[in-house]
1. Residues SER174, SER229, SER182: which one is without any contact (Cβ under 8 Å) to a residue 24 or more places away in the chain, touching a helix residue (DSSP H, G or I) at 6+ places or on another chain (Cβ under 8 Å) and either buried (at least 18 other Cβ atoms within 10 Å of the Cβ) or at negative phi (or both)?
2. So which residues in the stretch 232-258 are outside any loop (DSSP other than H, G, I, E, B), surrounded by fewer than 18 Cβ atoms within 10 Å (Cβ to Cβ) and touching an Asp or Glu at 6+ places or on another chain (Cβ under 9 Å), if there are any at all?
3. Among the candidates SER217, SER221, SER229, single out the residue that is of a type in the set (Ser, Thr, Tyr), assigned to a helix (DSSP H, G or I) and over 22 Å from PHE154 (Cα atoms).
4. Does ALA342 satisfy being touching a residue at least 12 places away in the same chain (Cβ under 8 Å) and part of a strand (DSSP E or B)?
5. What is the number of the single condition among (1) crowded, with 19+ Cβ neighbours inside 10 Å; (2) free of Cβ contacts under 8 Å to residues at least 60 places away in the same chain that LEU210 does not meet?
6. For the stretch 264-273, does any single residue satisfy the condition of being crowded, with 22+ Cβ neighbours inside 10 Å, under 20 Å from ASN324 (Cβ atoms) and of a type in the set (A, V, I, L, M, F, W, C)?
7. Taking the stretch 48-72, which residues are touching a Phe, Trp or Tyr at 6+ places or on another chain (Cβ under 8 Å), farther than 12 Å from PRO106 by Cα and surrounded by 20 or more Cβ atoms within 10 Å (Cβ to Cβ)?
8. Kindly list the number of the only condition in (1) touching a helix residue (DSSP H, G or I) at 6+ places or on another chain (Cβ under 6 Å); (2) under 20 Å from GLU57 (Cβ atoms); (3) not polar (S, T, N, Q) that fails for ALA148.
Amino acid sequence: MKKIIFNSLLLILFLIYFTDCKNKVIQEVETTTEKIVALDGTWKGCVVGIYPGTGNEKLPAGDLLEIDEFEALTQQEVGSAVWFPTWEDEFPTLGCNKLSARGIIPHLTWELFWPSVDHNAVQTGPDGYIGFQEVLNGKHDIYIDRFAEDAKAFEKEVLIRFLHEFNGNWYVWSGNKNGQASGGPAQVVAVWKYVVDRFKAKGANNVKWLWTPHGPSIDRSTESWNHVSNYWPGVEYVDWIGLDAYNFYPKDPWGGTRPFRDFDNCFRQLYDDCAVLGKQPMMIAEFGSGEFEHENSNKAAWITDAFDKIKTTYPRVKIFTWFNINKELDWRVNSSPEALKAFKEAMQDPYFIGSPKK
């Protein structure tokens, strides 16, 4: 009888221990799921993101000084930061860890070219971009897999914007440079799927794939073959939908005149065309305006209108990325005192937030 009682007590203690462990595991899974969901755009408001002018040099090394300066200048926390590694770079673990420690989401625009070989990334042959053929033929599998493994080891969420602005005519990975109506978009989709599949095979599920077409531009074909829907790889291959566009008015730095584009002209049609492709959250992955004067409007007014529109009529935009650099034009928020004042006033709205992870 004593042995039966003893065994029964052991069984009860085991069941209590098992139940406690099970509850802890469930709680951990739920907590992890909450963190992942929180980074999939379900938060309230829109996260403030930037590309800092020295981002390509400083961010991979974990130097966040320019982010500090931007936050001090605008009195607004940053929640996402982008830079542009190429296929000559390894996964930037150090930079991603430094950003993540601040609650800032790393956003890598991973450019499929090799700058030491082709600095301008404009060379294509009669069969399109040789880089595409090399990827699909498996030449770069070791590099892709290593990048995926290092991304997985990072463990935390990272956005990868791959083959960005594929519907323009300026990048070698565009549909325009890889066949146009004769299979250009299909080439882009094939390379996108190939790379994403290799990441998935390595279990790099913390990588969130950001698919990003460009809005209206005099450098973008409006023919039917180039419609964004032709580049859509499918909902299982896209985690975020990105949108890029700029107001270049009145002139670009190459001597050409450019039409005036307010925020809606940059994004309304693109947003609507992309919204029907999938239910993924959206982000404005690049945007900005140079200084201008147009019909009693200027950059400051453009900024005010842009953030009012993001809040009121673009509800699926959960991150914006201001291209804060003096490059083709002076895109910076502080290109003039008036522009900076407008940006700071817009950021006073609690709809615009810093890190969604805090």
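1. Of SER174, SER229, SER182, the one residue that is without any contact (Cβ under 8 Å) to a residue 24 or more places away in the chain, touching a helix residue (DSSP H, G or I) at 6+ places or on another chain (Cβ under 8 Å) and either buried (at least 18 other Cβ atoms within 10 Å of the Cβ) or at negative phi (or both) is SER174.
2. Passing the criteria: only TYR237.
3. Values: SER217 fails: assigned to a helix (DSSP H, G or I); SER221 fails: assigned to a helix (DSSP H, G or I).
The unique qualifying residue is SER229.
4. So ALA342 does not fit the description; no.
5. (2)
6. Taking every residue of the stretch 264-273 in turn, at least one turns out to be crowded, with 22+ Cβ neighbours inside 10 Å, under 20 Å from ASN324 (Cβ atoms) and of a type in the set (A, V, I, L, M, F, W, C).
7. Once the filter is applied, which keeps residues that are touching a Phe, Trp or Tyr at 6+ places or on another chain (Cβ under 8 Å), farther than 12 Å from PRO106 by Cα and surrounded by 20 or more Cβ atoms within 10 Å (Cβ to Cβ), the stretch 48-72 yields VAL48, PRO52.
8. (2)
The values are calculated or read from the model by the stated rules, or taken from the named source; none is laboratory data. On a predicted model such as this, the values are computed, not experimentally measured, just so you know. Reconstructed Cβ throughout: ideal geometry from the backbone, glycine too, with neighbour counts over all protein chains shown.
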